[in-house]
Structure formats: structure tokens, C-alpha cells
Amino acid sequence: RPTFMLRYRGGLPLGGSSDAADFSMLSVGVTQRIAIGLFHSFRYGVEGGFFLSARRLHLPDRHHFTSAPLHVSDRPMSTTFQLLNPYAYAADTRWLQLHADFTSSYLLLKQLPFLQPFPFDEALHLHTLLQPGHRHIEAGYSLGHSDIGRVGLFVGWDNDRRRTVGFTVSLPLLNQKN
């Protein structure tokens, strides 16, 4: 089943300070994981949002996207931009982001008979961010075990021009709270 999200965030200029944040932001989203047979799954997440008002907006008030600017991260590859500069593309007007991945126990490497006994899966990832005047797209391949730990190779495009290629390690298991 899909999971829907509605989020509101605002800054109120309390205390009469002329520097106090004064904005309101609304976003909506949906995520879902769909099993495809016994060995495959497709997961997607779409979120769009905009600022209803932005009279005084500071950098921390902008909408920041989950990204892993370092080569090692405690965030899952399935919902994280791997190559996006987390500050350069913080939204201050409107945005639409998409995260999708296809995970399989038998995609590429697991087709090789000597690798079939090993407990890992493979995934193809697509991450997209659309903002006024900016389009960021990432595509990647990873292997690992679910969202416990993965290694991946990604290529990214900004406004249809290749920007970068990156190798990343994701260890979300380290980010688990008791």
C-alpha cells in the first residue's frame, strides 16, 4: 500500500525582530514498495512542495534534500541523492523530487552461478530533482543487502550535462535508533 505524507513548516516573526524568519511551506508525497514475484521489488517515492509565503527566508529555512555528499553515508541509497550538493540546491520556491529503485536477487552479477549462494541483492536507482531553472538526475547501480548496507556507482546530470560520477557506500544500519 502507498504511504501518503502531508507536511507544513513555518517560521513566525515573534518578538518583533526584523531578522526573524517569516515563511510557510507545504509539501505532499507518496512512497510505496511493490513486490514483483519472489525475487524483485520496485520502490518509489515522490514529493513535491512549495513555499506559500517567503517574506524572510534564511538558508536553514529552505527545503534541504537528503543527500550523501561524502563517499560513506548512514543514509539509505533508495531515498538519498548520492551526488547532489546539499546546500547549492536547497529549495526556496518550489520543487519536485523522485526516488525510484528496482531491487532484484538476480539482476546482473547474481546471474553468475558462483555468486548465487552469496546473500546479496542488486539494485538500479534513479533520483530526480526538479526546481525552477534546475534539473538534477542521478542513475546508479548498487549491491548489498536491502537497506542494511550497500556499495554503489552513480552518475549525475545537471540540466542535461554530465556533472559527476561517484562511488558510494551506504550503511543505514549505523543510523538505527534504539
Check on His125, within 23 Å of Ser170 (Cβ to Cβ), open to solvent by less than 40 Å² (accessible area, probe 1.4 Å) and not polar (S, T, N, Q): yes
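Restrict the check to region 135-151 and report whether at least one residue is of a type in the set (Lys, Arg), open to solvent by 80 Å² or more (accessible area, probe 1.4 Å) and at pLDDT below 90.
Residues of region 135-151 of a type in the set (Lys, Arg): 135, 150.
After this cut, where a residue has to be open to solvent by 80 Å² or more (accessible area, probe 1.4 Å) as well, the list is 135.
Among the residues that remain, those that are also at pLDDT below 90 are: none.
No, that holds for no residue.
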Residue, nearest to Tyr44 (Cα to Cα), within region 116-128, restricted to residues that are within 19 Å of the chain's Cα centre (by Cα) and without any contact (Cβ under 8 Å) to a residue 24 or more places away in the chain: Leu124
Selection count where residues are open to solvent by 60 Å² or more (accessible area, probe 1.4 Å), in contact (Cβ under 8 Å) with a residue 24 or more places away in the chain, within 25 Å of Phe4 (Cβ to Cβ) and not hydrophobic (A, V, I, L, M, F, W, C), scope region 47-67: 2
Count of region 51-72 residues which are at pLDDT 85 or above, closer than 24 Å to Gly156 by Cβ and more than 12 Å from the chain's Cα centre (by Cα): 2
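So which residues in region 68-81 are part of a strand (DSSP E or B) and buried (at least 16 other Cβ atoms within 10 Å of the Cβ), if there are any at all? Before the answer, list the steps.
Let us first name the residues in region 68-81 that are part of a strand (DSSP E or B), namely 72-73, 81.
Once the filter is applied, which keeps residues that are part of a strand (DSSP E or B) and buried (at least 16 other Cβ atoms within 10 Å of the Cβ), region 68-81 yields Ser73, Phe81.
Examine region 7-22 for a residue that is over 30 Å from Leu124 (Cα atoms), among the basic types (Lys, Arg), open to solvent by 40 Å² or more (accessible area, probe 1.4 Å) and modelled with pLDDT of 90 or more, and state whether such a residue exists.
Narrowing region 7-22 to residues over 30 Å from Leu124 (Cα atoms): 8-22.
Those left that are additionally among the basic types (Lys, Arg): 9.
When the remaining residues are screened for being open to solvent by 40 Å² or more (accessible area, probe 1.4 Å), the result is 9.
Add one more test, that the residue is modelled with pLDDT of 90 or more, and what stays is 9.
Checked region 7-22: at least one residue is over 30 Å from Leu124 (Cα atoms), among the basic types (Lys, Arg), open to solvent by 40 Å² or more (accessible area, probe 1.4 Å) and modelled with pLDDT of 90 or more.
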Residues of region 129-152 satisfying the condition of being touching a residue at least 12 places away in the same chain (Cβ under 8 Å), more than 15 Å from the chain's Cα centre (by Cα) and not in a strand (DSSP E or B): Pro132, Ser146, Ile148
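Evaluate region 28-46: report whether one residue or more is hydrophobic (A, V, I, L, M, F, W, C), surrounded by 19 or more Cβ atoms within 10 Å (Cβ to Cβ) and in contact (Cβ under 8 Å) with a residue 24 or more places away in the chain. Even if it seems obvious, please write down each step before you answer.
Just the residues of region 28-46 that are hydrophobic (A, V, I, L, M, F, W, C), to begin with: 28, 30, 34-36, 38-39, 42, 46.
Filter again for surrounded by 19 or more Cβ atoms within 10 Å (Cβ to Cβ), leaving none.
No, there is no match, as no residue in region 28-46 is hydrophobic (A, V, I, L, M, F, W, C), surrounded by 19 or more Cβ atoms within 10 Å (Cβ to Cβ) and in contact (Cβ under 8 Å) with a residue 24 or more places away in the chain.
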Failed item, numbered, when Leu84 is tested on (1) modelled with pLDDT of 90 or more; (2) in a loop (DSSP other than H, G, I, E, B); (3) crowded, with 16+ Cβ neighbours inside 10 Å: (1)
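The values are calculated or read from the model by the stated rules, or taken from the named source; none is laboratory data. Just so it is clear, the model here is predicted, and its values are computed rather than measured. Positions of Cβ are generated from backbone atoms using ideal geometry, with glycine treated the same way; all protein chains shown enter the neighbour counts. Keep in mind that these areas ignore ligands, DNA and RNA; they rest on the heavy atoms of the full protein, side chains included. Shrake-Rupley method; radii C 1.70, N 1.55, O 1.52, S 1.80 Å.
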